[in-house]
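Written out below as structure tokens is the structure these notes cover.
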Amino acid sequence: MKTLTTLLKASNLLFFCFATTSAHPQEIPPLGELFTSIDSFYTAETHANLLEFQEDKKGEWLKYIPNIGLIYTLEGAPRPSLNLNTGILYQAKRDRQRNSAKRRSIEEKGALQAARTRGKVAKLYSTYLLQQKALAARREVIAIDEQLFRMEKDRYERGEISPGEFLKAKRTWLLKQQEVSDLKMKLEVLRQEILTESFRVGK
């Protein structure tokens, strides 16, 4: 089950990262909503796993019906007897205890998985906010870089700098634009990872 969930998260992450490569950056849901989504998923998963251990009460009473037979007294006279199979009763008790233990194990594992996922998402969320601030700061800087490049372009058009100097300025400007694009892509990949881990892909 854990492997299947991991593979599902990975495939969803790859698909939506490719699907949103050219899209505008989107906002991420509040952390509380992501936690609610995580808890809902693992609650549903735990419920599904518990269905296997639901006890079927139909016919349960038949186990406790004693066997009716005849025994003979010392004088040889027949007499009815009731025989209760204690082995069956013991086994039924063991089965109930075993099922109860498995149910508790499933519930505790589900709660633990949910807690671990919340912790992972909280860490990713913090990283996302920091990268978001870094991108905002980089955009402020690149606005200045754009003005500087336009000044170099005007100088080139007036013949004040050589073609080689202009190409160097243009190359620097293009590289800085690429840096911003890379930051945006990393931020989007991180956002999709958070949504995938929170089972909120496509929402």
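What follows draws every value from the coordinates through simple rules; no lab data is involved. Computed from a predicted model, the values in this text were never measured in an experiment. Positions of Cβ are generated from backbone atoms using ideal geometry, with glycine treated the same way; all protein chains shown enter the neighbour counts.
Ratio of the range 84-194's C-alpha Rg to 2.2 N^0.38 Å, to two decimals? Before the final figure, lay out each step's value.
Numbers: Rg = 31.1 Å, N = 111, 2.2 N^0.38 = 13.2 Å.
In units of the 2.2 N^0.38 Å rule of thumb, it is 2.36.
How far apart, in nm, are two points set 7 Å out from the Cα along the Cα-to-Cβ line at K184 and at A134?
1.8
Considering the zone a paramagnetic label at T43 would reach in this model (a point 7 Å from Cα along the Cα-to-Cβ line), which residues of the range 92-126 have amide N under 20 Å from it?
Answer for this model: 103-122.
Please compute the net charge surrounding K153, taking Lys and Arg as +1 and Asp and Glu as -1 over other residues with Cβ under 15 Å from its Cβ.
Residues near K153 contribute 0 overall.
Please compute, for the alpha-carbon atoms of the range 130-198, the extent along each of the three principal axes and give them in descending order in Å.
57, 18, 12
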